[in-house]
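Structure first, then comments.
The values are calculated or read from the model by the stated rules, or taken from the named source; none is laboratory data. Please read these numbers as outputs of a predicted model, since none were measured by experiment. Positions of Cβ are generated from backbone atoms using ideal geometry, with glycine treated the same way; all protein chains shown enter the neighbour counts.
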Amino acid sequence: MKHKSITKTLALLAVTVAALSGCAEYASHAGNVSPSASATTTTSSTDRSSNGVGPSLDGPLASGVLAKLTVKGKAAATGYDRNDKFGNGWKDPDGNKCDARQDILSRDMTRLSYKDAKKCTVASGRLADQYTGKTINWKVNSGSVDIDHAVALKNAWISGAQKLPQDQRVLLANDPLNLMASEASANRSKGYKNAAEWLPPHKSFRCQYVATQISVKRRYSLSVTQAEKDAMSKVLRTCPKQKAAKVTVLNSEAKTEPVRATTSK
């Protein structure tokens with residue numbers, strides 16, 4: 001029965017990604033299973049923002065979504081362990097045989113070259129980095145580009161993720177909605193700070209940045225502190241038409257089968 005459940009869940013994910021990205025190849029692996037009305041909507045790894053970096057934000061106004069988030073103080077970080085609580089290594093949430101890191105490099109960069117014929121493992125590319133406003137010509141192992149979690153995993157942990165099932169935490173760590181290619185030094189200066197504590201130096205990107213965080217926190221039912229909400233509101237007042245992503249709020253009590261690992265290197 002467990003095998004059937006896993007197969008059905010992965011089929012639903014494949015069909016959903018196909019519907020969002022328009023790629024029929026994903027649907028071809030889904031058999032005859034059709035997504036139900038309660039199927040979880042995932043952000044496709046190929047759906048990018050209008051500026052070419054980050055996930056697509058084409059849902060309701062971000063300010064309205066922010067108003068729905070629970071305001072709460074930070075929980076203690078007791079028990080946090082990145083690999084133990086959020087999964088060890090990158091997974092393959094959309095089932096395209098490329099891990100989430102490679103999908104985000106492909107989504108967010110241009111002038112791409114690949115190591116393999118199936119165009120999965122990125123060898124080099126150009127990133128119009130939205131955190132700093134710099135243009136980065138990246139090569140594998142150069143260390144100049146990281147894949148950032150918009151909502152840092154430790155921040156997620158102290159904002160309610162410790163109450164999520166393990167499979168949803170693994171999904172959060174690999175969800176394209178929560179992933180963005182960025183300059184490595186900017187990502188590391190951010191650490192696990194929230195929007196009250198850190199915003200991208202590139203000011204014109206701040207609206208998209210906080211809207212992405214809001215979208216992730218809405219999807220995974222994560223809270224914001226009052227200072228964090230105030231900081232997000234201040235940013236959004238400069239861009240009142242900024243949209244959040246279209247998301248389905250996950251039920252923290254429902255089991256979602258873990259995203260699959262990938263053999264891609």
Quiz item: Any residue in the stretch 131-149 that is surrounded by fewer than 21 Cβ atoms within 10 Å (Cβ to Cβ), closer than 20 Å to Arg82 by Cβ, touching a Lys or Arg at 6+ places or on another chain (Cβ under 8 Å) and not acidic (Asp, Glu)?
Solution: yes
Quiz item: Got at least one residue in the stretch 132-139 being charged (D, E, K, R) and in a strand (DSSP E or B)?
Solution: yes
Quiz item: Where in the stretch 140-254 are the helices (runs of 4 or more DSSP H), entirely inside, with at least 2 residues that are within 17 Å of the chain's Cα centre (by Cα)?
Solution: 153-158, 166-174, 184-190, 206-219
Self-check item: Restricting the stretch 103-134 to residues that are charged (D, E, K, R) and in contact (Cβ under 8 Å) with a residue 60 or more places away in the chain, the residue that is farthest from Asp92 (Cα to Cα)
Solution: Asp129
Exercise. Identify, by number, the condition in (1) modelled with pLDDT under 95; (2) under 25 Å from Arg218 (Cα atoms); (3) surrounded by fewer than 14 Cβ atoms within 10 Å (Cβ to Cβ) that Gly73 doesn't meet.
Key: (1)
Practice problem: Go through (1) surrounded by fewer than 19 Cβ atoms within 10 Å (Cβ to Cβ); (2) among the aromatic types (Phe, Trp, Tyr); (3) more than 20 Å from Ser215 (Cα to Cα) one by one and return the number of the condition Trp198 breaks. | Solution: (3)
Quiz item: Does the stretch 79-93 contain any residue that is assigned by TED's automatic domain parsing to the domain that holds Asp167, in contact with a helix residue (DSSP H, G or I) (Cβ under 8 Å, 6 or more places away or on another chain), free of Cβ contacts under 8 Å to residues at least 60 places away in the same chain and not in a loop (DSSP other than H, G, I, E, B)?
Solution: no
Exercise. Filter the stretch 106-130 for residues that are in a loop (DSSP other than H, G, I, E, B) and surrounded by fewer than 18 Cβ atoms within 10 Å (Cβ to Cβ) and give the result.
Key: Lys115, Asp116, Ala117, Lys118, Lys119, Thr121
